[in-house]
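Shown next, in structure tokens, is the structure this report addresses.
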Amino acid sequence: MSDPLKRISVVAANGSVSYTPEEVYERFVARFKGFTDEELIGAFNRDVGNPGWVSARASYHVALHREFKLRGFDCSAMAEFGWSLRSKIKLIGNVVLPLADVDAKPSRKEPRRTRRGPGKST
């Protein structure tokens, strides 16, 4: 049996269970294999902005990043800000982009309108 100090306790509905960091990582790897591309992006986006960091969260993101690579996602746009949890992401084709980059480009079909005072737009 491994050192109890190197185990992660997880409280489940039926009681407490203990895993090593490697076991936690492997559980995330197995889970992410069954996800659709949209579910993978959602898994990342649900964790954006959450404060704090624990080893299980690190395992989650390492396994998630691994699955992105295995699927051939182009994460080069994420290299600008690292594997940051400050911005949600979107998958366009096989390219992973921060939503700030996606949303910053207004559609040519609909011009951006700004408000000037109460009830007035330009």
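Where a number appears in this text, it was derived from the coordinates with a stated rule and is not lab data. For clarity, every value in this text was computed on a predicted model and none was experimentally measured. Reconstructed Cβ throughout: ideal geometry from the backbone, glycine too, with neighbour counts over all protein chains shown.
Quick look at the values:
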item	result
Label-point gap, in nm, between V62 and R86 - each point 7 angstrom along Cα→Cβ	2.5
Other-chain or far-sequence residues with amide H under 5 Å of V95's (modelled H)	D74
Sites matching chymotrypsin sites (Phe, Trp or Tyr not before Pro) across the stretch 18-91 that sit in DSSP coil, with at most 10 neighbouring C-beta atoms within 10 Å	W53
Inter-label distance, nm, simple model (7 Å from Cα along the C-beta direction), W53/E22	2.4
